[in-house]
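Report on the following structure.
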Amino acid sequence: QQERTFIALKPDAVQRNLVGEVIRRFEAKGFKLVGLKLVKPSVETAEEHYAEHKGKGFYKGLVDFITSGPVVAMVWQGKGVVASARKLIGATNPLTSEPGTIRGDLAVDVGRNVIHGSDSTDSAQREISLWFKEGEIADWTPVS
Ligand code: CMP
């Protein structure tokens, strides 16, 4: 099985109608969409997802924000997808993300930075199993 990463389009992305724009960039790059759903995350899911940030000043605001509305949860698959997705996404703070990246082109506020992507293959596995059940992921091959 090829590498997989977990991508979440945060409530700001949904509310700003950026879902199609971001998915287009992943499709155009050549990655394969194998999981997709719109969910309003529970506080438990959000806290588990962001467990590494617990204790930081922005933690409560982060959990409040990510649970404030629907999130588009996705699994993308392909060679090197974890690191490549991070490059497509750009630096965490949109004021320093490069133009051409998703955050660099579409955001200005670190607390409203449109998208989350797993930072390693270990995180990807953890996050995919937190957000998705096995039957919700569908690997596929094109019919020739
Ligand atoms: P994300 O990739 O989802 O991982 C952790 C998130 O914490 C990050 O994107 C930002 O949205 C958020 N974050 C990081 N630093 C700050 C900060 N200083 N203030 C508010 N939110 C932050």
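The values are calculated or read from the model by the stated rules, or taken from the named source; none is laboratory data. In this text the structure is predicted, and so the values were computed from the model without any measurement. Every residue, glycine as well, gets a Cβ built from its backbone with ideal geometry; the counts of neighbours run over all protein chains shown. SASA here: full protein model, heavy atoms, side chains in, ligands and nucleic acids out. Shrake-Rupley method; radii C 1.70, N 1.55, O 1.52, S 1.80 Å.
Within region 53-81, the only residue that satisfies the criterion of being open to solvent by less than 10 Å² (accessible area, probe 1.4 Å), more than 16 Å from ARG112 (Cβ to Cβ) and within 13 Å of the ligand (Cβ to nearest atom) is ALA73. Of everything in region 28-41, what is under 22 Å from PRO94 (Cβ atoms) and surrounded by fewer than 20 Cβ atoms within 10 Å (Cβ to Cβ)? Give them in sequence order. The answer is ALA28, LYS29. Pairing residues of region 28-39 that are within 10 Å of VAL81 (Cβ to Cβ) with residues that are outside any strand (DSSP E or B) and hydrophobic (A, V, I, L, M, F, W, C), at Cβ distances under 6 Å and at least 6 apart in sequence or on separate chains, gives PHE31/VAL81.
Kindly indicate the residue of region 96-132 that is farther than 16 Å from GLN77 by Cα, part of a loop (DSSP other than H, G, I, E, B) and not small (Gly, Ala, Ser) and also nearest to the ligand (Cβ to nearest atom) among those meeting that condition. Only one residue tops the list, namely ASN113.
Of all residues in region 1-52, count the ones that are within 13 Å of the ligand (Cβ to nearest atom) and either among the hydroxyl-bearing types (Ser, Thr, Tyr) or assigned to a helix (DSSP H, G or I) (or both). Total satisfying the criteria: 10. Within region 86-106, identify whether any single residue is open to solvent by 30 Å² or more (accessible area, probe 1.4 Å), of a type in the set (Ser, Thr, Tyr) and within 25 Å of ARG16 (Cβ to Cβ), and answer yes or no. Checked region 86-106: at least one residue is open to solvent by 30 Å² or more (accessible area, probe 1.4 Å), of a type in the set (Ser, Thr, Tyr) and within 25 Å of ARG16 (Cβ to Cβ).
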